[in-house]
1. Right, residue 164: outside any helix (DSSP H, G or I), at positive phi and surrounded by fewer than 16 Cβ atoms within 10 Å (Cβ to Cβ) or not?
2. From the list 178, 154, 196, which one is farther than 23 Å from residue 223 by Cα and surrounded by fewer than 18 Cβ atoms within 10 Å (Cβ to Cβ)?
3. Looking at (1) outside any loop (DSSP other than H, G, I, E, B); (2) closer than 13 Å to residue 147 by Cα, can you tell me which one residue 188 breaks?
4. Looking only at region 2-14, how many residues end up being over 14 Å from the mean Cα position of the chain (by Cα) and surrounded by 17 or more Cβ atoms within 10 Å (Cβ to Cβ)?
5. Among helices (runs of 4 or more DSSP H) lying entirely in region 15-116, which contain 1 or more residues that are surrounded by 19 or more Cβ atoms within 10 Å (Cβ to Cβ) and more than 17 Å from the chain's Cα centre (by Cα)?
6. Residue 192: closer than 25 Å to residue 210 by Cα and touching a residue at least 12 places away in the same chain (Cβ under 8 Å), yes or no?
7. Before we move on, is residue 147 in contact with a helix residue (DSSP H, G or I) (Cβ under 7 Å, 6 or more places away or on another chain), farther than 20 Å from residue 18 by Cβ, touching a residue at least 12 places away in the same chain (Cβ under 8 Å) and buried (at least 17 other Cβ atoms within 10 Å of the Cβ)?
8. Quick one: what pairs do we get from region 164-188, first residue modelled with pLDDT under 90, second assigned to a strand (DSSP E or B) and loosely packed, with under 14 Cβ neighbours inside 10 Å, C-beta under 9 Å, 6+ apart or different chains?
């Protein structure tokens, strides 16, 4: 077996990734395909945690623009991530991958409450842990949740799986044919250049805890496995070599 670069990872999946081309809602064939990709790295012995977004169901900021109180809108978004987490859990367990969902908002009938030590114990017992419900607080994105949970469980890296985007560019490659793709960036590059791959709070958390994150195309089969084996795909964001 090829050497593994990362032994414990946090995989960040957007809600849109679960929707696929239909953009909204859950797309069963797409979720099943993602589950199979996760299973591939599970059998390599990787300890896997996952943070799921909820943008395929609801966005708190959209609700706020409609006139809804921002806090209330964000709570609806947190519930959307829990629905996505349960759907992913069902697909993983249907193909033999033991899984636990932990939520930042307690709902004991359907998932465990988030407990850091318990999450780490699940990982040590080779269970995939899905963190749902965001941080449990309004105003914080699921990107921030990914950085926070990665720091709490001592993950080696955050894998930012994007829907059809193969890395970080200087501009939107769909709109600007001269957009440059970056192979590596520092955390400060993300903030200084205003690159909208991860919000500043999430980037700062990753920087403070020196957790690299790799941005890559989820839609290309085998990419998750390539990342954990250290193959050069996508864009890696890490501490500056000059720091």
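1. Details: outside any helix (DSSP H, G or I): yes; at positive phi: yes; surrounded by fewer than 16 Cβ atoms within 10 Å (Cβ to Cβ): yes.
Against the criterion (outside any helix (DSSP H, G or I), at positive phi and surrounded by fewer than 16 Cβ atoms within 10 Å (Cβ to Cβ)), residue 164 qualifies.
2. Working: 154 fails: farther than 23 Å from residue 223 by Cα; 196 fails: farther than 23 Å from residue 223 by Cα.
So the residue among 178, 154, 196 that is farther than 23 Å from residue 223 by Cα and surrounded by fewer than 18 Cβ atoms within 10 Å (Cβ to Cβ) is 178.
3. So residue 188 meets the others, but not (2).
4. Within region 2-14, the subset over 14 Å from the mean Cα position of the chain (by Cα) is 2-7.
Going one step further and asking which of them are surrounded by 17 or more Cβ atoms within 10 Å (Cβ to Cβ), we end up with 6.
Result for region 2-14: 1.
5. On the way: elements: 15-19, 28-42, 60-65, 70-94.
Because the criterion is at least 1 residues that are surrounded by 19 or more Cβ atoms within 10 Å (Cβ to Cβ) and more than 17 Å from the chain's Cα centre (by Cα), the helices (runs of 4 or more DSSP H) in region 15-116 that meet it are 60-65, 70-94.
6. On the way: closer than 25 Å to residue 210 by Cα: yes; touching a residue at least 12 places away in the same chain (Cβ under 8 Å): no.
Against the criterion (closer than 25 Å to residue 210 by Cα and touching a residue at least 12 places away in the same chain (Cβ under 8 Å)), residue 192 does not qualify.
7. On the way: in contact with a helix residue (DSSP H, G or I) (Cβ under 7 Å, 6 or more places away or on another chain): yes; farther than 20 Å from residue 18 by Cβ: yes; touching a residue at least 12 places away in the same chain (Cβ under 8 Å): yes; buried (at least 17 other Cβ atoms within 10 Å of the Cβ): yes.
Considered against the rule, which asks whether it is in contact with a helix residue (DSSP H, G or I) (Cβ under 7 Å, 6 or more places away or on another chain), farther than 20 Å from residue 18 by Cβ, touching a residue at least 12 places away in the same chain (Cβ under 8 Å) and buried (at least 17 other Cβ atoms within 10 Å of the Cβ), residue 147 comes out as yes.
8. Listed by first residue and then by second, the contacts come to 166/181; 170/181; 173/181.
The values are calculated or read from the model by the stated rules, or taken from the named source; none is laboratory data. Keep in mind that what you see is a predicted model, and the values were worked out from it rather than measured. Backbone-built Cβ (ideal geometry, glycine too); neighbour counts: all protein chains shown.
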